[in-house]
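Report on the following structure.
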Amino acid sequence: MLTGKTVLVGVSGGISAYKTVFLVSALRKQGANVHVIMTRHATEFVAPLTFETMSNNRCISDMFDRDYEYDVRHISLAKAADLIIVAPATADFIAKAANGIADDMLTTVVLAAKCRKLASPAMNTAMYENPVTQDNLDKLRHYGWGIVEPNSGPLACGDVGKGKMPEPQELLMHVIYELACEKDMKGLKVVVTAGPTQEAIDPVRFITNHSSGKMGYALAQACAMRGAEVTLVSGHTALDAPMGVTRQDVTSAADMHDAVLALTPQADMIFKAAAVADYTPATVYDHKVKKSDDDMSIPLVRTADILADVAKIRRDDQIICGFAMETEDLLANARGKLERKKLDMICANSLRTEGAGFSGDTNVVTVITADEVCELGKLSKLETAHRIIDKAMQLRAARMEG
Ligand code: CTP
């Protein structure tokens, strides 16, 4: 996701510098060209050779190192970078960067660079909470820096509190969100539904389905990566909310119906990837149903069709996308749903196709609109999500012109 991008990783002197080694490795695995600049104190925690090996580029810590390929290197590195991330960012580094002090290679490059900059503060809780540090962080925000909030927990110094540098994977996601996608959805409000609903029988049992939520979560993540404001209405899943996404947890089809209908008026796009129960028990017992010798049967009633109700209140400028998971007659069934539910597009997939289905990380989707059938082929769910969004954005652009 970062092929062709140059990321400059700044390392200042804190114990979490060891985690930055994994960040550098993860950035390279995503295709980025990575340069590491360390402060002198950082070299006490991790040897420059470690970063040099992981980045496959010369690691710089000395402002006056003569043995280096770049001309006027603080300027050339500053120009080459698409993004700078300083992790860990110590209180000392933050104070210097906030006040324009440039007394070593890292602070000098940072001052010379015009690209987007991120800082991941990591320090003792009292140092982090000190109003001086907080003022300096506000200053950095004012100057356009992105600040990655530190986590809370036991710190290396023995204290427990805020100040832990997030894990490398989380920092990687911040870089990916900044660099990987064009922000073509900036200003758009998107609602995504995901996961299964649960229909209670009694306090112990419920009826549900095999949906993992992965396709809907991938859509929410892709929309957020492209700059949209995303609300994810999610049934119970084992997944964490994607970065930058607001999640509303729901249980039953009725809960999901209420949440989606309340969000519909403000939404520019709605993606309904959830596997909603079509039937719910007619009676929900308030006690555990005991077994008996009688035949057990559960009378069911239909749930409200959320998309059908969205269709009743939708505006023409909104793009509504449904999903159809079928086992037979994929295209005919999906097209029927497109028309019946008054959708702009529907994503059809067959449970019988290799690479498609609930729990895997890939999908094989056919996107159907009023006048197009587009087979996406087998892709990761995230890549599938981006291609679905491309189509939704095309429809929106055409709608806006017309
Ligand atoms: N859907 C919905 N409300 C429901 C059931 C489904 O909004 N009560 C949405 C799903 O989120 C999906 C689309 O409708 O985007 C198609 O869901 P699916 O279960 O395939 O369609 P049904 O109309 O329920 O058709 P059937 O179960 O007969 O295949």
For this session: Name all residues of segment 32-54 having a backbone nitrogen under 19 Å from the label point set 7 Å from the Cα of residue 361 along its Cα→Cβ direction, giving them as ranges.
Result: 32
Problem set entry | Within segment 141-224, chymotrypsin sites (Phe, Trp or Tyr not before Pro) in DSSP loop having at most 13 other beta-carbon neighbours inside 10 Å | 143
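Under a Cβ-only charge scheme (Lys and Arg +1, Asp and Glu -1), can you give me the dipole magnitude of the chain about the Cα centre, in debye to the nearest 20?
In total the dipole reaches around 480 debye.
Sorted by packing (mean other beta-carbon atoms within 10 Å per residue), highest first, where do 182-192, 147-157 land? Working shown, then result.
Numbers: 182-192: 18.2, 147-157: 14.5.
Top of the packing list down: 182-192, 147-157.
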Problem set entry | Alpha carbon convex hull of segment 294-402, projected area averaged over orientations, nm² | 9.1
For this session: Would you mind computing, in nm to one decimal, how far apart the modelled labels at residue 400 and residue 283 are, each placed 7 Å from Cα along Cα→Cβ?
Result: 5.5
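Contact order normalised by length for segment 189-401, with contacts defined as Cα pairs under 8 Å and 6 or more residues apart; what percent is it?
Details: 456 pairs, mean separation 42.3, N = 213.
RCO, segment 189-401: 20 percent.
Based on the mean of other Cβ atoms within 10 Å per residue, sort peptides 239-245, 304-310 so the most packed one is first. Mind dumping the intermediate values first?
Values: 239-245: 16.6, 304-310: 18.6.
Sorting 239-245, 304-310 by mean packing, highest first, produces 304-310, 239-245.
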Exercise. Hey, got a sec? Which GluC sites (Glu not before Pro) in segment 310-352 land in a DSSP loop and have at most 12 other Cβ atoms within 10 Å?
Worked result: 328
Exercise. Label 7 Å along Cα→Cβ of residue 261; segment 341-361 residues with amide nitrogen under 18 Å?
Worked result: 341-342
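To the nearest 0.05, what FRET efficiency results for residue 210 and residue 116 with a Förster distance of 41 Å applied to their C-beta separation? Walk me through the numbers before you get to the answer.
Values: r = 41 Å, r/R0 = 0.99.
About 0.50, to the nearest 0.05.
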Problem set entry | Set of lysines near residue 164 by C-alpha distance (under 22 Å), chain-local residues within fewer than 8 positions excluded | 19, 96, 117, 139
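Kindly provide the trypsin sites (Lys or Arg not before Pro) of segment 349-402 that DSSP labels as loop, not H, G, I, E or B, and whose Cβ sees at most 11 other Cβ atoms within 10 Å. Please report the intermediate quantities before stating the final value.
On the way: sites: 352, 378, 381, 387, 391, 396, 399; in loops: 352.
Answer by residue number: 352.
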Exercise. Separation between the residue 183 and residue 373 pseudo-spin-labels, each 7 Å from Cα along Cα→Cβ, expressed in nm?
Worked result: 4.0
For this session: Report the Stokes-Einstein translational diffusion coefficient (µm² s⁻¹, integer) for the chain, Rh taken as the Kirkwood radius over Cα pairs, at 25 °C with viscosity 0.890 mPa s.
Result: 103
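Between residue 141 and residue 167, 0.36 nm times their residue separation minus their Cα-Cα distance comes to what?
7.2 nm
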Exercise. Counting Lys and Arg as +1 and Asp and Glu as -1, each charge on the Cβ, what is the dipole of segment 6-179 about the Cα centre in debye, to the nearest 20?
Worked result: 340
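What is the gain in length, in nm to one decimal, between residue 297 and residue 79 on full extension, counting 0.36 nm per residue of separation less the C-alpha to C-alpha distance? Please list the in-between numbers first.
Values: separation 218, 0.36 × 218 = 78.48 nm, distance 7.06 nm.
Once the chain is fully extended between residue 297 and residue 79, it gains 71.4 nm.
When N counts the residues of segment 6-179, how does its alpha-carbon radius of gyration compare numerically with 2.2 N^0.38 Å, as a ratio? Don't skip to the end; give the middle numbers.
Working: Rg = 14.8 Å, N = 174, 2.2 N^0.38 = 15.6 Å.
Rg over 2.2 N^0.38 Å, computed on Cα atoms: 0.94.
Between their Cα atoms, which of 214/378; 189/391; 114/214 are more than 27 Å away from each other?
On the way: 214/378 15 Å; 189/391 17 Å; 114/214 37 Å.
Pairs exceeding the cut-off: 114/214.
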For this session: Estimate the FRET efficiency between residue 316 and residue 40 by the formula 1/(1 + (r/R0)^6), using the beta-carbon distance for r and 56 Å for R0, to the nearest 0.05.
Result: 0.35
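Antiparallel DSSP bridges in segment 189-401: what percent, to the nearest 5?
Values: 16 of 42 bridges.
The answer is about 40 percent antiparallel.
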Exercise. Within segment 105-144, what residues put their amide N at less than 13 Å from the label point 7 Å along the Cα-to-Cβ vector of residue 159?
Worked result: 122-134
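All of the numbers you see were taken from the coordinates with simple rules; none came from a lab. Source: prediction; values computed, not measured. FYI the Cβ positions are ideal-geometry reconstructions off the backbone, even for glycines, and counts take in every protein chain you see.
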